[in-house]
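> Sharing a structure, written as structure tokens. Questions coming.
Every read-out reported here was derived from the displayed coordinates using simple, explicitly stated rules and does not represent laboratory data. These figures come from a predicted structure and were not determined experimentally. In this analysis, Cβ positions are derived from the backbone assuming ideal geometry, glycine residues included, and neighbour counts consider all displayed protein chains.
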Amino acid sequence: MLTMNATDVRKNWSEVSESAIREKPQFIKKIRDYMMLSSIEFVNVLLSDYVFSAKKYTEADGSITLSLNELDLIENAATEKEAVSALSEAILEYAVDFYKDFNFWSSAPNRKKEIPYVFKALVLDDEKKIGECIKCQAGKI
């Protein structure tokens, strides 16, 4: 791997950070630890294949329930559009809460698979953009 020493990165922070943003991600080694410095746009590219999918249920009263497959979230609203909007809001709220207590949630074995979706929501940071990433499919009761 092409890595830079953390000491050199500190000495040349402006150049390294500018390169990570404008050119390419930078790999950094600090003693035994490795990290990557990149732009948010690059992270968005890395996460581009991650989409949210939800099962859609039409309730007896005609309302729509969406059950997200990737995160344990369910929303109900009068229309599918309103349900997607509510689910988008819930996804972003969940991602922010997850990130605030990242050490706890990321160490839970059943939550590790959620990490890319949490970061997808955090990188998008927009309920409308998150809503555009939700693919609905008919569910069976």
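> What is the helix-to-structure angle for 115-124, meaning the angle in degrees between its Cα long axis and the longest Cα principal axis of the chain, kept from 0 to 90 and rounded to the nearest 10?
For 115-124 against the chain, the angle is about 90 degrees.
> Suppose R0 equals 41 Å; then what is the FRET efficiency for Phe104 and Asp61 from their Cβ-Cβ distance, rounded to the nearest 0.05?
Working: r = 38 Å, r/R0 = 0.92.
With R0 = 41 Å, the Cβ-Cβ based efficiency is 0.60.
> Quote to one decimal, in nm, the extra length available between Gln137 and Glu15 on full extension: 0.36 nm per residue of separation minus the C-alpha distance between them. Intermediate results must be reported in sequence, preceding the final value.
Details: separation 122, 0.36 × 122 = 43.92 nm, distance 4.69 nm.
In short, 39.2 nm is gained.
> At 222 nm, what helix-only mean residue ellipticity would the chain give, in deg cm²/dmol to the nearest 500, using -39500 (n - 2.57) for each DSSP H run of four or more?
Working: 7 runs with 66 residues, N = 141.
The helix contribution divided over the chain gives -13500 deg cm²/dmol.
> Let me ask something additional. Holding the Cα-Cα limit at 28 Å, pick out from Lys81/Lys120; Lys24/Lys55; Lys11/Lys129; Lys112/Lys135; Lys29/Lys100; Lys24/Lys129 the pairs that are longer than that. Before the final figure, lay out the partial values.
Working: Lys81/Lys120 21 Å; Lys24/Lys55 38 Å; Lys11/Lys129 38 Å; Lys112/Lys135 22 Å; Lys29/Lys100 26 Å; Lys24/Lys129 25 Å.
Result: Lys24/Lys55; Lys11/Lys129 exceed 28 Å.
> Using a basic spin-label model with each label point 7 Å from the Cα along Cα→Cβ, how many nm lie between Ile40 and Ser53?
2.8 nm
> Just in region 1-74: which chymotrypsin sites (Phe, Trp or Tyr not before Pro) are loop by DSSP and have at most 16 other Cβ atoms within 10 Å?
Numbers: sites: Trp13, Phe27, Tyr34, Phe42, Tyr50, Phe52, Tyr57; in loops: Tyr50.
Here the sparse-neighbourhood loop sites are Tyr50.
> Please identify the trypsin sites (Lys or Arg not before Pro) of region 79-127 that satisfy two criteria: DSSP loop assignment and at most 16 other Cβ atoms within 10 Å. Which are they? Can you show the working numbers first?
On the way: sites: Lys81, Lys100, Arg111, Lys112, Lys113, Lys120; in loops: Arg111.
The qualifying sites are Arg111.
> On to the next question. Once the Cα gyration tensor of region 1-70 is found, what semi-axes does its equivalent ellipsoid get, as square roots of 5 times the eigenvalues, in whole Å, sorted largest first?
On the way: eigenvalues 383, 32, 16 Å².
Computed over region 1-70, the values are 44, 13, 9 Å.
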